[in-house]
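Before any comments, here is the structure.
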Amino acid sequence: MRHGNQSYSAPSPSSQHNVPLNKVIAGDQLGCYFCNDVVAPGDSTRDRTLDQQCTVSRPGMSFIASALAVELLVSVLQHPERGCAPADTGDTDTGSDTDCPLGLVPHQIRGFLSRFQQILPASRAFDKCTACSHKVIEVFRSEGFEFLLKAFNEPHYLEDLTGLTAMHQETAQAEVWDFDDEDSFSSMEAT
């Protein structure tokens with residue numbers, strides 16, 4: 001996965017484009033590893049069985065991942081826009097990026113060893129990301145090491161800072177159970 005080459009000045013409303021999901025995403029709008037997560041990073045090895053730990057993988061997978069990472073890096077370096085190269089998903093309907101002499105410059109390469117298959121997803125940067133959002137970068141630049149200490153020592157600091165806590169609360173409040181007047185709990189059990 002390559003991360004977006006974002007400008008970390010204050011985001012302008014014009015930079016928040018509403019591009020359909022099947023279109024190419026500009027390189028300065030690509031998300032980071034944590035943009036698709038709606039929680040702060042945590043310990044992925046604690047209180048989990050060996051097969052649930054994200055640090056454990058099948059033999060040979062590290063060789064595949066490192067080879068693809070090198071190919072992705074070389075493709076980014078050969079593209080005229082370098083880190084700002086748009087994310088190409090390989091979808092023939094949206095057209096392929098022909099500016100790179102080495103072919104596609106995807107955002108991510110996801111592999112499925114059980115099917116010997118790869119896909120090329122792309123995702124836009126999340127404005128509440130706990131790693132790369134403008135708010136996190138801004139506070140890190142102003143507070144430096146103090147910011148890091150808060151993030152390390154206060155479990156919900158990043159979620160509170162970015163607005164994820166408020167988003168989770170709004171979502172919980174919006175959950176509405178809609179029952180018809182004739183419905184009862186016993187009639188739901190029968191189905």
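The values are calculated or read from the model by the stated rules, or taken from the named source; none is laboratory data. Being a predicted model, the structure only gives us computed values, none of them experimental. All Cβ positions, glycine included, derive from the backbone under ideal geometry; neighbour counts span all protein chains shown.
Some observations on this one:
- Each residue in the range 95-116 was checked for being outside any loop (DSSP other than H, G, I, E, B) and either touching a strand residue (DSSP E or B) at 6+ places or on another chain (Cβ under 6 Å) or at pLDDT 90 or above (or both), and 2 of them qualify.
- Residue match in the range 130-142 (condition: among the acidic types (Asp, Glu), modelled with pLDDT of 90 or more and within 18 Å of the chain's Cα centre (by Cα)): no
- Consider the range 115-139 and keep the residues that are among the aliphatic types (A, V, I, L, M) and touching a Pro at 6+ places or on another chain (Cβ under 9 Å). The one that is nearest to Leu149 (Cα to Cα) is Ala131.
- Residue in the range 146-155 that is at pLDDT 90 or above and surrounded by fewer than 11 Cβ atoms within 10 Å (Cβ to Cβ) present: yes
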